[in-house]
Amino acid sequence: MAKNAKCKYCLEEILPKSKVKKIGQKQYHAECYKKFVAEQYESKIKPTDDKSQLYDYINKLYETAEVDPKILAQMDKYNKEYDLSYERILLTLIYYYEIRESEVRKEFGIGIIPYVYKEAGDFWITSRIANERNAGINTKETITAVKCRVPKNRPKVDLINIDDL
Ligand SMILES: [Zn+2]
């Protein structure tokens with residue numbers, strides 16, 4: 001009888017009938033995999049209220065010295081309405097502009113956030129698993145490595161001009 005593979009999380013054998021999640025050479029029970037992802041997320045994402053990283057990114061993006069008050073208002077709005085941390089907003093912007101390589105359109109400020117934050121969240125969770133596999137590789141290289149996973153068909157979005165807010 002062939003030996004069953006072992007789950008990398010609980011180290012138990014994976015019986016032929018169980019639901020399996022394969023990541024590269026590693027195999028997990030589907031349930032164990034969920035726990036694994038949740039643990040990764042908890043351990044790697046440090047809740048931070050540090051706005052300066054986000055401000056720096058926005059200033060680079062729009063080539064400004066100070067963040068436009070309209071963008072600050074958007075940040076506040078998304079922070080309250082969607083319960084998005086400043087870090088989450090930053091990760092969403094990085095996803096949208098660096099990973100998806102979307103066009104920067106100053107007139108919308110960061111108005112794209114409500115449309116892509118969920119997709120960005122999924123992306124970063126997936127990347128974190130890639131990160132785990134390529135332990136030691138810095139974030140920039142990891143981002144390049146996972147670029148091919150980005151879906152090509154972009155959802156259509158109706159952006160709201162920040163002047164209308
Ligand atoms: Zn398991």
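Rule-based calculations on the coordinates, nothing more; no lab input. Just so we're clear, the structure is a prediction, and the values are computed from it rather than from any experiment. Because the Cβ atoms are built from the backbone with ideal geometry, glycine has one as well, and the counts that use them run over all protein chains shown.
In vacuum, with every alpha carbon of the stretch 68-116 counted as one equal point scatterer, what does the Debye formula give for log10 I(q)/I(0) at q = 0.26, 0.32 Å⁻¹? Two decimals, please. So the normalised log intensities work out to -1.04, -1.34.
Counting Lys and Arg as +1 and Asp and Glu as -1 over every other residue whose Cβ lies under 12 Å from the Cβ of VAL104, the net charge comes to -1.
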